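Below: one structure in C-alpha cells.
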Amino acid sequence: EAGVAQSPRYKIIEKRQSVAFWCNPISGHATLYWYQQILGQGPKLLIQFQNNGVVDDSQLPKDRFSAERLKGVDSTLKIQPAKLEDSAVYLCASSPGTSGSPRETQYFGPGTRLLVL
Amino acid sequence: EDKVVQSPLSLVVHEGDTVTLNCSYEVTNFRSLLWYKQEKKAPTFLFMLTSSGIEKKSGRLSSILDKKELFSILNITATQTGDSAVYLCAVVGPQGAQKLVFGQGTRLTINP
C-alpha cells in the first residue's frame, strides 16, 4: 500500500511571497489532515477534511492560509502572503474511515519543509 | 484548552540502557492516546491506548495508560542507536472529531 505523498519536499521563499503544498492521501482514506510542525514542537492541526468537507479549521490562520480538497482525494494548502513565523514542516496525514472510532490511526506523509526568509 | 505535556524534552543515554518517556494530558472527553516515533520525516505510529492498565508491547517497546492520573509512559528496553528519534505523544478528544493534540515531543539520543 502506497503511503501519503507530499510535494514539494523543500521550499524556500521570501516573506510576502505565496506558496502551495500538495498532498495525496492513502487510497480510500476519507479523512485528511494538515499539520504545522515548528522546530522543537509537536505537530499542530491546521485543518481536517472528511471527504471534501471541512471538519475542523479552528487553528487555521484564515487571513493567510487556505486549503481545499475539491474531489475528496488530493488536497492543497496555500499560504499567501508568507511570514517568517510560517517556517515549519507541513505534514499531511490521512485516516481510513468516517466513523470517528478511536481505533483509527493517522498515517503521515514525509512533510514539506518550508523556510521563509 | 486541551493540553499534552511530555517529559523529559531531551534524553541522552548509552546503548543498552532502559528509558522511560512520560506524557501527561488534559483533554475534554478523552478517547485515546497515541505514541509516534519521528525520525527525520514523517511520524510513524507505535501504539494506541484507550484503556487504563493494559500494557501494549511491541518488541522492546511497551506503553501503559493511567486514565485516573491522566498520563502514559513509553518504555524502551535494551536501547539501540536506531531508537534515536523524537517520540511524540498525542491524545484524541471528542468523538467524531478525530483531532490529535500533540505534545512537544521527547528527543531521545542513544550513544553507542
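Of all residues being more than 13 Å from the chain's Cα centre (by Cα) and basic (Lys, Arg) in the stretch B:23-40, which is surrounded by the fewest Cβ atoms within 10 Å (Cβ to Cβ)? Just the residue, please. Outline the logic, then answer.
Within the stretch B:23-40, the subset more than 13 Å from the chain's Cα centre (by Cα) is B:26-31, B:39-40.
Then keep just the ones that are basic (Lys, Arg); that gives B:31, B:40.
Numbers: B:31: 19, B:40: 8.
It comes out as B:40.
Related question: Return the residue satisfying two criteria in turn: it lies in the stretch A:88-117 and is more than 14 Å from the chain's Cα centre (by Cα) and modelled with pLDDT of 95 or more, and of such residues it is surrounded by the fewest Cβ atoms within 10 Å (Cβ to Cβ). Full working, then the answer.
We begin by selecting, within the stretch A:88-117, every residue more than 14 Å from the chain's Cα centre (by Cα); these are A:96-105, A:115-117.
From what is left, the residues that are modelled with pLDDT of 95 or more are A:115-117.
Working: A:115: 14, A:116: 20, A:117: 10.
Across the stretch A:88-117, the extreme among qualifying residues is A:117.
Identify, by number, the condition in (1) in contact with a Phe, Trp or Tyr (Cβ under 6 Å, 6 or more places away or on another chain); (2) in a loop (DSSP other than H, G, I, E, B) that residue B:51 doesn't meet.
Exception for residue B:51: condition (1).
Please go through (1) surrounded by fewer than 17 Cβ atoms within 10 Å (Cβ to Cβ); (2) part of a strand (DSSP E or B) for residue B:16 and return the number of the only condition it doesn't satisfy.
Here residue B:16 meets the rest and fails (2).
Does the stretch A:49-69 contain at least one residue that is in contact (Cβ under 8 Å) with a residue 40 or more places away in the chain, surrounded by 16 or more Cβ atoms within 10 Å (Cβ to Cβ) and within 14 Å of chain B (Cβ to nearest Cβ)? Explain how you work it out, then say what you get.
As a first pass, look at the stretch A:49-69 and keep what is in contact (Cβ under 8 Å) with a residue 40 or more places away in the chain: A:50-51.
Checking which are surrounded by 16 or more Cβ atoms within 10 Å (Cβ to Cβ) leaves us with A:50.
From what's left, within 14 Å of chain B (Cβ to nearest Cβ): A:50.
Yes, some residue in the stretch A:49-69 is in contact (Cβ under 8 Å) with a residue 40 or more places away in the chain, surrounded by 16 or more Cβ atoms within 10 Å (Cβ to Cβ) and within 14 Å of chain B (Cβ to nearest Cβ).
Follow-up. Inspect all residues belonging to the stretch B:54-77 and state whether any of them is of a type in the set (S, T, N, Q) and either in a loop (DSSP other than H, G, I, E, B) or touching a Pro at 6+ places or on another chain (Cβ under 8 Å) (or both). First the steps, then the outcome.
Filtering the stretch B:54-77 for residues of a type in the set (S, T, N, Q) gives B:58, B:62-63, B:72, B:75, B:77.
Then drop every residue that is not either in a loop (DSSP other than H, G, I, E, B) or touching a Pro at 6+ places or on another chain (Cβ under 8 Å) (or both), which leaves B:77.
There is at least one residue in the stretch B:54-77 that is of a type in the set (S, T, N, Q) and either in a loop (DSSP other than H, G, I, E, B) or touching a Pro at 6+ places or on another chain (Cβ under 8 Å) (or both).
Restricting attention to the stretch B:78-89, and to residues there that are outside any loop (DSSP other than H, G, I, E, B) and of a type in the set (A, V, I, L, M), which single residue is surrounded by the most Cβ atoms within 10 Å (Cβ to Cβ)? Show your work before the answer.
Looking only at the stretch B:78-89, we keep the residues that are outside any loop (DSSP other than H, G, I, E, B), and these are B:81-83, B:85-89.
Right, trim to of a type in the set (A, V, I, L, M) and you get B:85-86, B:88.
Values: B:85: 19, B:86: 21, B:88: 26.
Once the filter is applied, the top-ranked residue is B:88.
Tell me the strands (runs of 3 or more DSSP E) entirely within the stretch A:1-44 that contain at least 2 residues that are at pLDDT below 95.
Working: elements: A:5-7, A:10-13, A:19-24, A:31-37.
Here the list reads A:31-37.
A further question follows. So for the stretch B:41-51 (the condition being within 30 Å of residue A:7 (Cβ to Cβ), small (Gly, Ala, Ser) and either surrounded by 15 or more Cβ atoms within 10 Å (Cβ to Cβ) or at the interface with chain A (Cβ under 9 Å from one of its Cβ atoms) (or both)), does at least one residue qualify?
The answer is yes; a qualifying residue exists.
Condition first: farther than 23 Å from residue B:68 by Cβ and within 14 Å of chain A (Cβ to nearest Cβ). Now tell me which residues in the stretch B:9-27 satisfy that.
Going through the stretch B:9-27, the residues farther than 23 Å from residue B:68 by Cβ turn out to be B:9-19.
Correct list: B:9, B:10.
Taking into account only those residues within the stretch B:100-112 that are away from chain A (no Cβ under 14 Å) and buried (at least 16 other Cβ atoms within 10 Å of the Cβ), which is farthest from the chain's Cα centre (by Cα)? Talk me through it step by step, then tell me what you get.
Filtering the stretch B:100-112 for residues away from chain A (no Cβ under 14 Å) gives B:108-112.
Within this subset, residues satisfying the condition of being buried (at least 16 other Cβ atoms within 10 Å of the Cβ) are B:108, B:110.
Values: B:108: 12, B:110: 17 Å.
This residue is B:110.
Say whether the condition of being at the interface with chain A (Cβ under 10 Å from one of its Cβ atoms), of a type in the set (D, E, K, R) and in a loop (DSSP other than H, G, I, E, B) is met by at least one residue in the stretch B:90-99.
Yes, some residue in the stretch B:90-99 is at the interface with chain A (Cβ under 10 Å from one of its Cβ atoms), of a type in the set (D, E, K, R) and in a loop (DSSP other than H, G, I, E, B).
The values are calculated or read from the model by the stated rules, or taken from the named source; none is laboratory data. Here the structure is a predicted model, which is why all the values come from computation and not from measurement. Every residue, glycine as well, gets a Cβ built from its backbone with ideal geometry; the counts of neighbours run over all protein chains shown.
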